[in-house]
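Please treat every number below as a calculation from the coordinates, not as lab data. Small disclaimer: the values here were computed from a predicted structure and weren't measured. Every residue, glycine among them, receives a Cβ derived from its backbone with ideal geometry; neighbour counts consider all protein chains shown.
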There are 6 protein chains.
Amino acid sequence: MALKESTRARLMQVSTATLCTALYKRGLRHQFIQDVRPLNPNGPNMVGEAFTLRYIPAREDLNPITVFQDRQHPQRAAIEQCPPGAVMVIDSRKDARAASAGSILVTRLMVRGCAGIVTDGGFRDSPEIAELGMPAYHQRPSAPTNLTLHQALDINVPIGCGDAPVFPGDVMVGDREGVVVLPAQMADELAEEAVEMTAFEDFVTDEVRKGRSILGLYPATDPRTKDDFAVWRKANDR
Amino acid sequence: MALKESTRARLMQVSTATLCTALYKRGLRHQFIQDVRPLNPNGPNMVGEAFTLRYIPAREDLNPITVFQDRQHPQRAAIEQCPPGAVMVIDSRKDARAASAGSILVTRLMVRGCAGIVTDGGFRDSPEIAELGMPAYHQRPSAPTNLTLHQALDINVPIGCGDAPVFPGDVMVGDREGVVVLPAQMADELAEEAVEMTAFEDFVTDEVRKGRSILGLYPATDPRTKDDFAVWRKANDR
Amino acid sequence: MALKESTRARLMQVSTATLCTALYKRGLRHQFIQDVRPLNPNGPNMVGEAFTLRYIPAREDLNPITVFQDRQHPQRAAIEQCPPGAVMVIDSRKDARAASAGSILVTRLMVRGCAGIVTDGGFRDSPEIAELGMPAYHQRPSAPTNLTLHQALDINVPIGCGDAPVFPGDVMVGDREGVVVLPAQMADELAEEAVEMTAFEDFVTDEVRKGRSILGLYPATDPRTKDDFAVWRKANDR
Amino acid sequence: MALKESTRARLMQVSTATLCTALYKRGLRHQFIQDVRPLNPNGPNMVGEAFTLRYIPAREDLNPITVFQDRQHPQRAAIEQCPPGAVMVIDSRKDARAASAGSILVTRLMVRGCAGIVTDGGFRDSPEIAELGMPAYHQRPSAPTNLTLHQALDINVPIGCGDAPVFPGDVMVGDREGVVVLPAQMADELAEEAVEMTAFEDFVTDEVRKGRSILGLYPATDPRTKDDFAVWRKANDR
Amino acid sequence: MALKESTRARLMQVSTATLCTALYKRGLRHQFIQDVRPLNPNGPNMVGEAFTLRYIPAREDLNPITVFQDRQHPQRAAIEQCPPGAVMVIDSRKDARAASAGSILVTRLMVRGCAGIVTDGGFRDSPEIAELGMPAYHQRPSAPTNLTLHQALDINVPIGCGDAPVFPGDVMVGDREGVVVLPAQMADELAEEAVEMTAFEDFVTDEVRKGRSILGLYPATDPRTKDDFAVWRKANDR
Amino acid sequence: MALKESTRARLMQVSTATLCTALYKRGLRHQFIQDVRPLNPNGPNMVGEAFTLRYIPAREDLNPITVFQDRQHPQRAAIEQCPPGAVMVIDSRKDARAASAGSILVTRLMVRGCAGIVTDGGFRDSPEIAELGMPAYHQRPSAPTNLTLHQALDINVPIGCGDAPVFPGDVMVGDREGVVVLPAQMADELAEEAVEMTAFEDFVTDEVRKGRSILGLYPATDPRTKDDFAVWRKANDR
């Protein structure tokens, strides 16, 4: 189920907070990736389908520095296989004591046209990654090579990331606040609903800034609110 | 016991670190709110009396998205009741996995003239909150709606926030470092003492920058230090 | 074993990530100080020999505010004894609930020509410290005076800092990512190796930016890579 | 809404695990008190209505050892007010570094006919409490007096305990595994359902012990299972 | 690579501590499963090849209570497929807030002749599991059904368990202290070495109990120690 | 300052909880070692002067298995130097991922007449240590050899243990609840006071068991309480 361009465009304009509320209404409470943040807090939003990479704890005899001479090594293979437009999501078991990846691999991902990268561990070369144009999210910077604690094992299987379930093809949305996981088959309707919610929230924010109370306004329990919103939409072309 | 304007003005000029030392001298060691930070690290300091809100863990059947249609809902009521000049302080049980509040409510609080907001959990719409003029402090950004994990229960009762005790009317002071809680009846004397301490620390910093050793200077065990300080105060009109 | 100026100069140009890989090749996996970050993320790198300070939990009767009137107090003595060019490293038992030090002491350290300061706890007056020119690293800001939880005990003994072993004279290297500890007797060879690795990584980054795959390039399993690197070094004077 | 004796009797025979499943079917996922255990793992089960006590962090000037001379002190008052048959539940903010209560108060509670006591902190005099007949649950033993970190504040208000919401009158059920919170109005139906589930699980366990596969048996997707269960119930008088 | 009966027999007589030392000598430092304990501390040791089960965080729409009606559900399938003599090892992401499994499934595993079960989360019905004859290890009891937080996904793939890497076929050894993971191809030599080490440690313990100093004895740097050990082995038929 | 035999005898009869209260009255709030427990919960109490051992994080090149061939290795030397009657206290930085010591060393300590051993990490061979007669306290069992993460460095210096300060010669008291640290110069008066407090608490417990309310009794704000206590002391020869 490919991500529609119209859905991608809608998701670029809405916040992870709004999407979390839409998910909450559907009974999904664990889709926000806990405790990750953008390396570049001033960068653009991120939207793309999840392409996953699973790490397990590293066993020392299996992880000498020479393992990367194998071109099939899952970490390197994943970087070359992640489709353009997709977001690489790494299950690092929330362990940031060693890196999930570094700037060379993330640059390659960016050059290949991928939409972003997320780990629940940490990136090395984090200052360089922060300066790339592609969105990247992690827990905290971590200089030690990933072999220190992580062995890349599986490509594109369902994983956990920051206590959220991530299935290949789920739609990852990131903003300056963090990253949310949209189940693939719900992405279109969530995007549409979030655009509507965002219009209403922008209207509410305008009203609140003018001094209006939130009571009756947010949520719109006062009938006048709906009328005012209709006027606002027309006036603001939303 | 209302916060005096003279005390508010003094507290705007001193640091949380200086106030913590003044509290330490009085035997109070747990008044700094642990693990919270300003959403806008370049924003102004914060001073105001505590107006509290207490959350408990959310029970799913009591927290459908429709609860906010009740205008008496404690979270919404608190936002409308927090007095101008006061700081809203939320006991989120140090749980940032779901939001304590979002930008619309925080904007309303600002428009109503409140002095700031603090949670030991996280805010959603954190990038927008960071751009408001009003100081806000939290643990980390958190997009999920508060209903996911928090049920607002009590308004203006004594609470814990980041392992610090907060009583309604206590004076909350925030700077770029964090937030400290001043017991209401001590606020005036702490403010006076902190202004004095700040003058001395500024003098010491000047001396240290000129190359003077801290021995005898900080603390002022060398009698010359007190003389020099007197001269400095006069010269600097402090 | 004094730190050679040539080694210091080399270490100023390489990243903690590269050094961690060089250490990994030698079987050292715990030399990165976990969970500390620069107070000024835009500041310069840090290189210097470790001069350590060890804290134990504070016992209340031994730590009234008056202890600093003793000029031999280990915290104050350490600040005056740390050699120019050295980095003060504080074992705060990873406890950031009270400060490890504040801006006056850190300013004195800077004026005395020290190269930086690191704690696995937190600094107070952190906004002021962030504006000093000298690199400083900690876990998070912490306003309470160090006496609240820490008693300075030993000067220049082997310590743990952020789960890394630190021996006096080890070479501390910090960049925007964090801090790594180089065993004293390995510093020269690590510096040389890291400079070489950095040249290769810069070459690889250039190639990746041009669109080249990492397979065969990083690591250089394709013989062409070595040839290309030789050409690049000449062209770039590296 | 008083707890019916028939419900109490049913709940004494079922496990917290079975009740959690019945709650899960109703969408309640946070009713198990996390990380508490019985002080006496060989003691009886516990059933009773919640009578709550809320602690906040202790402020040193408000908590000298003399506070207990006030007979209205909430901790002491609560012990004398908790109704016979009820379970005292203490919100200690999951902080076991100081005690929630000690053996004298717990003994008094037992003598008054209360059904048990639960804290998400720790008890002092824990070996003595373990030997009392009344069930008690905590995180871990903790010798320091509660005044060290806790100030008793509120009696019988809604609280959090081990990340579970607890409302006064909810039905607390404890077994050797832990403690679950049943919303008051659901207690009767949960008790009935759990008795039925327990009969089925006992039947299944018997079958499994005889060598039968769980497929088709648990859950009972094989129609034969239901027939066999009917026979078993008759044979075992369940 | 099947586990030899002779190796199994040897491993039943040695401790996890001794095996950890033998692994340490080979550079393996992360093979002890962190923070798990036997449900029955008086039960027998455990030896068997790892048969793994991988959980990811549960997504609510995919985990209604009805999922178990599918006989292919990985949790149920794994229980029926785990070979006799093998140890089921569950990757629960160290999350004990919901159960990894309950007594019915563990009983089935025992009846099928499996050698034990390990999770880095928690079991429900833990008092019943503790009374089964088969060794079981977990972090702490947890009554909520696994669907609350866990979705069983993969059978017999490499996993992490308590920060240790576990590959299918690795040899799991458990004693009253905990569980260690032996890489499959090292199991025979580790077993032999551990039997030898155990003989020496038993000799040393005998000597120490008689009053002999550990210096020269442990390790055997005094040549007399080796002679004495030879005599002891003969006398004790070891 | 040697521990008097009369003080030792008194301390053997009182609880860590009572001693914590006596310390609290003197302003000492951090003397209870957090999160340690007896390996043998049915063993005797422990009293003795602290003899300390300090660990730092292990650096791999300094900690091959051969280091123990050095008879001066601080871990081994400490075991042979700890005075009879003393308690060995190990600062393991609260890290139980590798052992602090094993049964052979602890047996040697016992044979040498030491009074007990405490670590804020974990012991290996913990089932064997639990069966020795000498009290031992730790966080949790840990099979990996101490070299995996710990390097023994200093003997008999002030340390932290479980967030408590421990100075050589302080008096360590352990019961089934945990371990408390008495500053050396306060030990005599604390012992006397605790014996008095214990008598009163035993009287109170007797009264409570008979049905008396705690109000007026505990603390003894009702004058009758003091009279009753005097009668009780005489009757019970206390």
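Data overview
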read-out: Segment E:146-155 - phi-based ³J(HN,Hα) in whole Hz, Karplus 6.51/-1.76/1.60, Gly and Pro as x; value: 4, 4, 4, 9, 10, 10, 5, 10, 10, 10
read-out: GNM flexibility winner over chain B from B:Val47, B:Val118, B:Val195 (Cα, springs under 10 Å); value: B:Val195
read-out: Nearest-ten-degree value, helix C:187-210 long axis tilted from longest Cα axis of chain C; value: 50
read-out: Other copies of C:Thr221: label-to-label distances in nm, shortest first, labels 7 Å along the beta-carbon direction; value: 4.3, 4.5, 6.4, 6.4, 7.8
read-out: Förster radius 25 Å - calculated FRET efficiency between C:Lys25 and E:Arg26, Cβ distance, rounded to 0.05; value: 0.85
read-out: Degrees between helix A:223-236 axis and first principal axis of chain A (Cα, 0 to 90, nearest 10); value: 70
read-out: Distances in nm from F:Gly85 to the matching label points in the other copies, shortest first (labels 7 Å along Cα to Cβ); value: 5.2, 5.9, 5.9, 6.6, 8.2
read-out: Residues of segment D:115-147 with amide N under 17 Å of a point placed 7 Å along Cα→Cβ from D:Leu62; value: D:146-147
read-out: Taking A:Met46, C:Met88 and counting other C-beta atoms within 10 Å, the order from fewest to most; value: A:Met46, C:Met88
read-out: Sequence-distant residues sharing a close amide H with D:Gly48 (under 5 Å, placed H); value: D:Met172
read-out: Selection from C:Ala143, C:Leu153, C:Pro165, by position along the positive dipole direction of segment C:134-191 (Cβ); value: C:Ala143
read-out: Full-extension gain in nm, F:Val111 to F:Asp222, via 0.36 nm per residue minus C-alpha separation; value: 34.9 nm
read-out: Calculated FRET value between F:Ala199 and D:Glu196, using beta carbons and R₀ = 60 Å, to 0.05; value: 0.65
read-out: Within the protein assembly as shown: Cβ-based charge dipole about Cα centre, in debye rounded to nearest 20 (Lys, Arg +1; Asp, Glu -1); value: 0
read-out: Cut-off under 5 Å, modelled amide H: who pairs with A:Asn40 long-range; value: A:Ala136
read-out: Minimum Cβ-to-axis distance in chain A for the rotation onto chain E, with residue, whole Å; value: A:Arg93, 3
read-out: Burial ordering of A:Cys20, D:Cys161, fewest other beta-carbon atoms within 10 Å first; value: A:Cys20, D:Cys161
read-out: Label point 7 Å beyond Cα along the C-beta direction, distances from D:Lys25 to other copies (nm, shortest first); value: 3.0, 5.7, 5.7, 6.3, 6.6
read-out: Cα-based shape type of the protein assembly as shown, given that a ≥ b ≥ c are square roots of the gyration tensor eigenvalues and the cut on a/c is 1.5; value: rounded
read-out: Segment F:182-238 versus segment A:1-42: alpha-carbon centroid distance in Å; value: 62
read-out: Helix C:16-25 vs. chain C, principal-axis angle (Cα, 0 to 90°, nearest 10); value: 70
read-out: Footprinting exposure proxy for C:Lys25, F:Lys226 (fewest neighbouring C-beta atoms within 10 Å first); value: F:Lys226, C:Lys25
read-out: Fluctuation leader among B:Phe167, B:Phe68, B:Phe123 - chain B, Gaussian network, Cα springs under 10 angstrom; value: B:Phe68
read-out: Subset of E:Lys210/F:Lys94; D:Lys210/D:Lys234; E:Lys210/E:Lys234; D:Lys226/E:Lys94; A:Lys4/A:Lys234; D:Lys94/F:Lys226 violating a 30 Å alpha-carbon distance limit; value: E:Lys210/F:Lys94; D:Lys226/E:Lys94; D:Lys94/F:Lys226
read-out: GNM flexibility winner over chain C from C:Val204, C:Val89, C:Val106 (Cα, springs under 10 Å); value: C:Val204
read-out: Span from the segment C:101-132 Cα centroid across to the segment C:52-68 one, whole angstrom; value: 19
read-out: Share, in percent, of DSSP beta bridges within the protein assembly as shown that are antiparallel, nearest 5; value: 60
read-out: Test item: Cα-centred dipole of chain A, Lys/Arg +1 and Asp/Glu -1 on Cβ, debye; value: 160
read-out: Shielding of F:170-180 by partner chains, average beta-carbon count, 10 Å; value: 3
